[in-house]
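K.L.:
I am attaching a structure below and will ask some questions about it afterwards.
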4 protein chains.
Amino acid sequence: MLSKLPKEAVINLSPGPVTAYPRVLRALSRPAYYDYDPYFLQFYENVALKAAKALRTKEPALILQCEPAPAIEAAAASMIGRNDVVLNLASGIYGKGFGYWAQRYNKEMVEIEVAYDDAITPDAVAEAFRKRPDIKVVHLVHHETPSGTINPAHAIGKIARDHDALLLVDAVSSFGGMDVHPEDCAADIFITSPGKCLGGVPGVTLIAVSDRAWRHMESNPTAPRASMLSLLDWKDAWRKEEAFPFTPSTADINGLDATLDLYMEEGPKTVWARHALTAKACRSGIQAMGLTLWPKTDAIASPTATVVRVPDAVNEAELVTAARAELGVCISGGRGELKGQLIRIGHMGPMAEPVYGVVAVTAIGHALRKLGRKVDVGAGVEAALTAIARGSV
Amino acid sequence: MLSKLPKEAVINLSPGPVTAYPRVLRALSRPAYYDYDPYFLQFYENVALKAAKALRTKEPALILQCEPAPAIEAAAASMIGRNDVVLNLASGIYGKGFGYWAQRYNKEMVEIEVAYDDAITPDAVAEAFRKRPDIKVVHLVHHETPSGTINPAHAIGKIARDHDALLLVDAVSSFGGMDVHPEDCAADIFITSPGKCLGGVPGVTLIAVSDRAWRHMESNPTAPRASMLSLLDWKDAWRKEEAFPFTPSTADINGLDATLDLYMEEGPKTVWARHALTAKACRSGIQAMGLTLWPKTDAIASPTATVVRVPDAVNEAELVTAARAELGVCISGGRGELKGQLIRIGHMGPMAEPVYGVVAVTAIGHALRKLGRKVDVGAGVEAALTAIARGSV
Amino acid sequence: MLSKLPKEAVINLSPGPVTAYPRVLRALSRPAYYDYDPYFLQFYENVALKAAKALRTKEPALILQCEPAPAIEAAAASMIGRNDVVLNLASGIYGKGFGYWAQRYNKEMVEIEVAYDDAITPDAVAEAFRKRPDIKVVHLVHHETPSGTINPAHAIGKIARDHDALLLVDAVSSFGGMDVHPEDCAADIFITSPGKCLGGVPGVTLIAVSDRAWRHMESNPTAPRASMLSLLDWKDAWRKEEAFPFTPSTADINGLDATLDLYMEEGPKTVWARHALTAKACRSGIQAMGLTLWPKTDAIASPTATVVRVPDAVNEAELVTAARAELGVCISGGRGELKGQLIRIGHMGPMAEPVYGVVAVTAIGHALRKLGRKVDVGAGVEAALTAIARGSV
Amino acid sequence: MLSKLPKEAVINLSPGPVTAYPRVLRALSRPAYYDYDPYFLQFYENVALKAAKALRTKEPALILQCEPAPAIEAAAASMIGRNDVVLNLASGIYGKGFGYWAQRYNKEMVEIEVAYDDAITPDAVAEAFRKRPDIKVVHLVHHETPSGTINPAHAIGKIARDHDALLLVDAVSSFGGMDVHPEDCAADIFITSPGKCLGGVPGVTLIAVSDRAWRHMESNPTAPRASMLSLLDWKDAWRKEEAFPFTPSTADINGLDATLDLYMEEGPKTVWARHALTAKACRSGIQAMGLTLWPKTDAIASPTATVVRVPDAVNEAELVTAARAELGVCISGGRGELKGQLIRIGHMGPMAEPVYGVVAVTAIGHALRKLGRKVDVGAGVEAALTAIARGSV
């Protein structure tokens, strides 16, 4: 009845769920505690406080007991009221997708959409506000994981704040791998995951919520309560004196605790630097093999994932399969409407190490050759190593 | 900023999250896999198939990526349509609570409520159907964890099926600890958790869904889709060829896999027997100390948790705190409107061992004495040991 | 070919290998490092320094890559030269056993032997020195694990030092559970284990060596070198600049690291207090059931293990088996010539918690009754709880 | 006092202690059992039986509670008597080193020594027997880990057996990575480690002993007993009815169990094939970069480690340090008299994957360039990938 499991990947370079740090895996195996035992109550409070320190916010972070996609749905349901005009910024699949949730709850949605290899410009956002000064909620994906592009969160955040709009930033696969924090980009809701650049596992989501956002949710009559879609339910749950709306995912909280410790102990700047250098090495190699990066410009390419256009006449699925079968290296293909067009390599958490940038180049080059393409893998590796030798980006 | 963590409990006898089996804890620390890697796709399918075997259903189990409370909300949202009359059976806090969710989605709700130390009778259900033959969905909590009472799922299930109603059974804290399975009690939706009698951790939920229930959901226009409240999204997600609606909670799936292996390897009958004997030992001791069990009759007391009335003039919170402080034994108090009235001891998973029934008696007796009550702890322990010596219940 | 494994014990109360702290178990699963990688070299040095802090010595501790019994053989081989007169103090099986090793290497051995339920007196040691002022090496077992008795290490140490003899103290199952340290008792070689009161696993041994002892070994022409029996080989191995004589047992070093952290973080005094209180509770209960402790007087009974005489007409092996079979509680019987005469309960590491003292009483009482003896288990439990209520010993 | 730990290596390619399989690491964190508990007694017996199956011997394997170097010392002490003439075959540091131990115990030692980049020939062994038909014990290192050379164990074994001599084979770093078993090469004592090709950790040693060898040891009056140097003490210790000479290293036994399961589940032939292909890839790349392999001929190069001559004017320590510092890749330098002359890459256990052969080439090429050498790393990687594309060796 059960099928035999295939061999495990040797090296997982997907853009998430990522290979977790060994210390996170060990933390996941800590004993399971009763959630109302004094130990766990204090432990949970401490994790929320540690998250705040990592996020550089004054208030403890909200921990939702699900991975980021449903957490973003919950944020949409909680933040967007029947009177709210939403500006949705769609530069990729995740940005576009948010619009469907937004429209369940809003009064009206305005959308700026650009090609999925491009980024939203602050000018376009400013223009949108000129036309519709009644925009109340802005949604932005900072890093579009399906296409590896970065949007200018800081500039857009400033514009939103100037217009007194509330900004929701999806930083799921950028926070922890580069310099972005809720208050720096004036985000009112800032969502991130332990399972990407922090090198943990999916299962819970970190959300920083501004006072303005809490007030907006509290005055939103349709904001869910007594529901898994509710952010409000969890507002004070971090306090050891308060009850949990429902049982927290204890193992995932244990894992989250370790990701935060690792991030702060190594030092954010050091962590960001190795993400950036790994990406730089990987891209140099990819380009030296004659391949094309997906993002339109280098400036908008994320340091946490490299996305590559699949060459003409190459089948994406076969390419991904060849890298996995020949060298045991796990990379990702496209999702949704991007399926077939691109491959993706994550540089996240423990895999944000330059040597893995070289491994990615090797694996992709080898796989292409397996599919009959002529590729100068040697040149790719040389270029990657040269980038590493030049050092910090 | 961070407060020092208190000392961990020595022995966790709460009714969940329970002490997990060591093998489950180790499984939680398995490597994190990319969810679309062939290894994980096959692994996930296998876990769903193992769950089906444990649940004795033909179809693989649905695995929701959240703990049971929100999963039950999702089941309500998915199953109950605007034309559905719901019969809610409320013999405790969880049963009562479901009614609030049911009313968000239904046409009308009929409720049978009994005292929270009592159980629903099949006669009352039959009578309800006589009055309202248009009842479409029946909701039953099999084991009311907050009060330790068992409802007659098999008899009620037969009545619901005879009236062609759909039955939703919350078996979160009974399945795995006693003889109850979806098809035996004609449940159309049967919900359970790895974090109770299976000795795992919260974070995911197992749901067995009948064909009738799928058809009902599929024809329900308000059943959520593209939502964390959706059961339909996950219907085929277990198949390795299908996409996941969102990223599964990989660590929790690893843990779930181990709980199912342990349960089947030990053998369900053996597992149920030690749950029952532990409960028997614990209750014999509790009663020998002059305390009163919460459930009205022995027949409705769950083999997976012992609930005890707090004696007059004793403060529940002080009692729980004394057991924890004096002997490091973690037990639970009442929730919601039962707060202050009762204490609860779980007999679940690795703690469903007779010796822990004796430990519970010892800890409660000692704590009562600490609070100034006269208690014959010796007599309690003797009674518990006598029950154990008599052997299988 | 392979036999089915029996069910694991529910609670392991043996005097070692003990139940390890969960954090130690997790540490054992840290990645395996190349022993000459800079990370491991520094890590090993740090562990040796942490051990010194716990042992309160100036020099880093020696870590032998084997459990204590062979480590003591190595100490005998290294310390005792062909010109050395050895005073062996035998108050139990381990003390007596050392004599056989001593005689392989020494010039002559003088032995003081007392009954194995008794302790060596300082007077007897002083008298020995009077008769044989040429005694060069004294060997003392601080805690005779097979019989649960403590010898007066501090007083004996003073006498040995006054006579300029070298003292070897086996504190394998006492250090970490009570107040004893190498310099306090003037030990020149002081041997202990992570697998007893420190709550770790066997596999490596900690040895504190005085400068005098090093000088003696260095001038001993028969002291083994290039051998697993050599202490000298490992003298400087803790320094990151030095080579290891052979590959260290990396997992066990990882585990040792965690035991030392746990001990120092909780605080030695706190750790000793719970060992003492657990022993007190256990003994009060044992005696209240009409059983007799093995040690002749309370004063020489170890706080880290309770040893009980097997009542007349009771079979030791049947008693141990009954506790294991009926309640899943693992205790130990006698070893060697003590076999059949006694049972042993460890109070070590995570099991040095008063509640486990009560569990021991319960399990032994229950097992005795199973074997047909009349025992007042209730009285035993009451007495144990009374001891706990009285608090710190 | 404690120094800050340097950053951990990203990828450990040393020839041992190797990166352990994740499942082995998890096994190390299984609960610690009392060694005389029925569960552990049966478990230990099962592990010895599993080892026999892997080693293809009739009798359960001996498990010594120390890593291989001291275990080999113990084998020398146990096997070699005062009347025994020993033939020591020295083709490397380990072979040579054994001679020092042999001479502690033997009557006379005959030695065949060849250059450390060469292998012993069967002819030379036959010749030695012609000259000295009284040779009783032959010692052979199958894989000289310090130099990466393989000796012809099967041919030499046949000669020894024909002359009725006893053969001791050190297969520490070859068994599990290639086709070699005790009975195939007529070894009377065959020693291997869980910490090399089996992908486990050091701490225990597996020894297969023939009946002839047991008889020889039993009749050897100087064979140690009641000693850590004794093999005889452990002869029957695997039987659950027998006592252990001293406490087994429980965590390491847990780890060993997992290494054996993994090896047999994957299938020895599959495991050997990936060791061979990884070595092939690595060497092809090394040679394509203009570097020279240490072993004189390809035929004697081990499939489990690649050893490379350090080019003129390059400092070995600087090379190893550069690979570690620049790319986080841990490789090894020379030991003893080979120090400064070579670098070593292990292909063992989980690192015996072709992609790691490429990583080794990349890291060494990059490091050489960092030290100012001109190296065509691209050509090296291309050659390694070509070898992989050609597939099974």
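K.L.:
Is there a residue being among the hydroxyl-bearing types (Ser, Thr, Tyr) and under 16 Å from B:Ala52 (Cβ atoms) anywhere in the range B:171-182?
P.N.:
no
K.L.:
Looking at the range B:182-196, which of the residues that are touching a Pro at 6+ places or on another chain (Cβ under 7 Å) and of a type in the set (A, V, I, L, M, F, W, C) is surrounded by the fewest Cβ atoms within 10 Å (Cβ to Cβ)?
P.N.:
Filtering the range B:182-196 for residues that are touching a Pro at 6+ places or on another chain (Cβ under 7 Å) and of a type in the set (A, V, I, L, M, F, W, C), the one surrounded by the fewest Cβ atoms within 10 Å (Cβ to Cβ) comes out as B:Ile191.
K.L.:
Then there is this: Tell me which residues, restricted to the range B:70-110, are within 12 Å of B:Val141 (Cα to Cα) and touching a Pro at 6+ places or on another chain (Cβ under 9 Å).
P.N.:
B:Gly92, B:Ile93, B:Tyr94
K.L.:
Does the range C:39-51 contain at least one residue that is crowded, with 22+ Cβ neighbours inside 10 Å, touching a strand residue (DSSP E or B) at 6+ places or on another chain (Cβ under 9 Å) and facing chain D (nearest Cβ under 7 Å)?
P.N.:
Scanning the range C:39-51 turns up no residue that is crowded, with 22+ Cβ neighbours inside 10 Å, touching a strand residue (DSSP E or B) at 6+ places or on another chain (Cβ under 9 Å) and facing chain D (nearest Cβ under 7 Å).
K.L.:
How many residues, within the range A:319-340, are crowded, with 17+ Cβ neighbours inside 10 Å and at negative phi?
P.N.:
15
K.L.:
Could you please find all residues in the range C:176-222 being within 14 Å of chain D (Cβ to nearest Cβ) and not β-branched (Val, Ile, Thr)?
P.N.:
The answer is C:Ser193, C:Pro194, C:Gly195, C:Lys196, C:Cys197, C:Leu198, C:Gly199, C:Gly200, C:Pro202, C:Gly203.
K.L.:
Among the residues that make up the range B:30-48, is at least one of them touching a Ser or Thr at 6+ places or on another chain (Cβ under 6 Å) and under 30 Å from B:Arg344 (Cβ atoms)?
P.N.:
no
K.L.:
Restricting the search to the range B:99-121, which residues are crowded, with 17+ Cβ neighbours inside 10 Å, not in a loop (DSSP other than H, G, I, E, B) and not hydrophobic (A, V, I, L, M, F, W, C)?
P.N.:
Residues satisfying the conditions are B:Gly99, B:Tyr105, B:Glu111.
K.L.:
Quick check on the range A:96-109. Is at least one of its residues closer than 30 Å to A:Asn254 by Cβ, under 20 Å from the mean Cα position of the chain (by Cα) and among the charged types (D, E, K, R)?
P.N.:
Scanning the range A:96-109 turns up no residue that is closer than 30 Å to A:Asn254 by Cβ, under 20 Å from the mean Cα position of the chain (by Cα) and among the charged types (D, E, K, R).
K.L.:
Separate question: Would you mind stating whether A:Val172 is within 17 Å of the chain's Cα centre (by Cα), modelled with pLDDT of 95 or more, more than 11 Å from chain B (Cβ to nearest Cβ) and not in a helix (DSSP H, G or I)?
P.N.:
no
K.L.:
Determine whether the range D:244-261 contains at least one residue that is surrounded by 23 or more Cβ atoms within 10 Å (Cβ to Cβ) and more than 13 Å from chain C (Cβ to nearest Cβ).
P.N.:
No, the range D:244-261 has no match at all.
K.L.:
Can you tell me which condition C:Leu25 does not meet? The list is (1) part of a loop (DSSP other than H, G, I, E, B); (2) surrounded by 24 or more Cβ atoms within 10 Å (Cβ to Cβ); (3) within 7 Å of chain D (Cβ to nearest Cβ), and all the others hold.
P.N.:
In the conditions (1) part of a loop (DSSP other than H, G, I, E, B); (2) surrounded by 24 or more Cβ atoms within 10 Å (Cβ to Cβ); (3) within 7 Å of chain D (Cβ to nearest Cβ), C:Leu25 misses (1) alone.
K.L.:
Continuing with this model, one more query. Looking at the range C:262-299 only, could you name the residues that are β-branched (Val, Ile, Thr) and buried (at least 20 other Cβ atoms within 10 Å of the Cβ)?
P.N.:
Answer for the range C:262-299, where residues must be β-branched (Val, Ile, Thr) and buried (at least 20 other Cβ atoms within 10 Å of the Cβ): C:Val271, C:Thr278, C:Ile286.
K.L.:
Another question, then. Looking at the range C:354-370 only, could you name the residues that are within 20 Å of B:Leu368 (Cβ to Cβ) and facing chain B (nearest Cβ under 8 Å)?
P.N.:
C:Pro354, C:Val355, C:Val358, C:Val359, C:Thr362
K.L.:
Here is a list of conditions, (1) under 20 Å from the mean Cα position of the chain (by Cα); (2) surrounded by fewer than 19 Cβ atoms within 10 Å (Cβ to Cβ), and B:Arg132 meets all of them except one; can you say which number that is?
P.N.:
It fails just one condition, (1).
K.L.:
Identify, from the list D:Gly380, D:Gly340, the residue that is at pLDDT 95 or above and not in a helix (DSSP H, G or I).
P.N.:
One residue alone meets the criteria, D:Gly340.
K.L.:
So which of D:Arg344, D:Arg309 is farther than 17 Å from A:Glu382 by Cα, more than 9 Å from every other protein chain (Cβ to nearest Cβ) and without any contact (Cβ under 8 Å) to a residue 60 or more places away in the chain?
P.N.:
Criteria check complete, one pass: D:Arg309.
K.L.:
Here is a further query. Which is more than 21 Å from the chain's Cα centre (by Cα) and of a type in the set (Ser, Thr, Tyr), of C:Ser332, C:Ser284, C:Ser302?
P.N.:
It is C:Ser284.
K.L.:
Kindly indicate which of A:Ala71, A:Ala90, A:Ala102 is closer than 17 Å to A:Ala171 by Cβ and either basic (Lys, Arg) or more than 12 Å from every other protein chain (Cβ to nearest Cβ) (or both).
P.N.:
Going through A:Ala71, A:Ala90, A:Ala102 in turn, just one is closer than 17 Å to A:Ala171 by Cβ and either basic (Lys, Arg) or more than 12 Å from every other protein chain (Cβ to nearest Cβ) (or both): A:Ala90.
K.L.:
Say we look at the range A:1-17 and pick out the residues that are surrounded by 21 or more Cβ atoms within 10 Å (Cβ to Cβ) and more than 15 Å from B:Asn254 (Cβ to Cβ); which of these is nearest to the other protein chains (Cβ to nearest Cβ)?
P.N.:
Taking the candidates together, the pick is A:Ser14.
K.L.:
Which numbered condition in (1) modelled with pLDDT of 95 or more; (2) at the interface with chain A (Cβ under 10 Å from one of its Cβ atoms) is the only one that B:Ala32 fails?
P.N.:
(1)
K.L.:
Related question: Filter the range A:131-154 down to the residues that are of a type in the set (Gly, Ala, Ser) and either in a helix (DSSP H, G or I) or over 14 Å from A:Asp117 (Cα atoms) (or both) and list them by number.
P.N.:
A:Ala153, the sole residue that qualifies.
K.L.:
Right, another one. Go through (1) within 28 Å of B:Val24 (Cα to Cα); (2) surrounded by fewer than 19 Cβ atoms within 10 Å (Cβ to Cβ); (3) of a type in the set (S, T, N, Q) and name the single condition B:Thr306 misses.
P.N.:
Condition not satisfied by B:Thr306: (2).
K.L.:
Could you check, for the range B:71-79, whether at least one of its residues is within 23 Å of A:Ser227 (Cβ to Cβ), of a type in the set (S, T, N, Q) and touching a Leu at 6+ places or on another chain (Cβ under 6 Å)?
P.N.:
Yes, the range B:71-79 contains a residue that is within 23 Å of A:Ser227 (Cβ to Cβ), of a type in the set (S, T, N, Q) and touching a Leu at 6+ places or on another chain (Cβ under 6 Å).
K.L.:
Here's something else I'd like to know. With the requirement that a residue be touching a residue at least 40 places away in the same chain (Cβ under 8 Å), more than 7 Å from chain D (Cβ to nearest Cβ) and either more than 9 Å from A:Met289 (Cβ to Cβ) or not aliphatic (A, V, I, L, M) (or both), what does the range A:371-387 give you?
P.N.:
A:Leu371, A:Arg373, A:Asp376, A:Gly380, A:Ala384, A:Thr386, A:Ala387
K.L.:
What is the residue count in the range A:227-243 for residues that are out of contact with any Pro (no Cβ under 7 Å at 6 or more places or on another chain) and either under 16 Å from B:Gly203 (Cα atoms) or within 11 Å of another protein chain (Cβ to nearest Cβ) (or both)?
P.N.:
Total meeting the criteria: 4.
K.L.:
Follow-up. What number of residues in the range B:302-327 are of a type in the set (Val, Ile, Thr), touching a Leu at 6+ places or on another chain (Cβ under 9 Å) and not in a loop (DSSP other than H, G, I, E, B)?
P.N.:
Number of matching residues: 3.
K.L.:
Of A:Tyr36, A:Tyr21, A:Tyr100, A:Tyr105, which residue is under 26 Å from B:Val47 (Cα atoms) and not hydrophobic (A, V, I, L, M, F, W, C)?
P.N.:
Result of the check over A:Tyr36, A:Tyr21, A:Tyr100, A:Tyr105: A:Tyr21.
K.L.:
Determine which member of the set A:Ile207, A:Ile156, A:Ile150, A:Ile189 is farther than 29 Å from A:Val24 by Cβ and either under 15 Å from the mean Cα position of the chain (by Cα) or of a type in the set (Val, Ile, Thr) (or both).
P.N.:
That would be A:Ile156, the only listed residue that is farther than 29 Å from A:Val24 by Cβ and either under 15 Å from the mean Cα position of the chain (by Cα) or of a type in the set (Val, Ile, Thr) (or both).
The values are calculated or read from the model by the stated rules, or taken from the named source; none is laboratory data. Worth saying up front: this structure is predicted, and the values here are computed from it rather than measured. Cβ: placed from backbone, ideal geometry, glycine included. Neighbour counts: every protein chain shown.
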